[in-house]
Amino acid sequence: MSTETLLPSGTFDSLRGALAGELILPGDAGYDAVRKVWNAMIDAHPAAIAQCASTADVVAAVNF
């Protein structure tokens, strides 16, 4: 059973524009490397990964 949710194209455009850091989406280069956690039993596939560069980035990501 797949738990993947398909989001409309452009869903994250406003967040990407608000971040000084990087927003990584499935299909982007490096997505698989940054989504992994130290516990190999967890194999999550987040819809987006915000690599925040500042407090303002964290606020933007949380508000999004």
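The values are calculated or read from the model by the stated rules, or taken from the named source; none is laboratory data. Values in this document were obtained by computation on a predicted structure and should not be read as measured data. Heads up, the Cβs are rebuilt from the backbone with ideal geometry, glycines too, and the neighbour counts pull from every protein chain shown. All accessible areas refer to the heavy atoms of the entire protein, side chains included, with ligands and DNA or RNA removed. Shrake-Rupley method; radii C 1.70, N 1.55, O 1.52, S 1.80 Å.
With (1) assigned to a loop (DSSP other than H, G, I, E, B); (2) in contact (Cβ under 8 Å) with a residue 40 or more places away in the chain as the list, and ASP43 as the residue in question, which single condition is left unmet?
Exception for ASP43: condition (2).
Here are ASP28, ASP57, ASP32: which of them is assigned to a loop (DSSP other than H, G, I, E, B), of a type in the set (Asp, Glu) and open to solvent by less than 90 Å² (accessible area, probe 1.4 Å)?
Values: ASP57 fails: assigned to a loop (DSSP other than H, G, I, E, B); ASP32 fails: assigned to a loop (DSSP other than H, G, I, E, B).
Result: ASP28 is the single residue among ASP28, ASP57, ASP32 that is assigned to a loop (DSSP other than H, G, I, E, B), of a type in the set (Asp, Glu) and open to solvent by less than 90 Å² (accessible area, probe 1.4 Å).
So which residues in segment 41-50 are within 11 Å of LEU25 (Cα to Cα) and open to solvent by 60 Å² or more (accessible area, probe 1.4 Å)?
The one that is within 11 Å of LEU25 (Cα to Cα) and open to solvent by 60 Å² or more (accessible area, probe 1.4 Å): HIS45.
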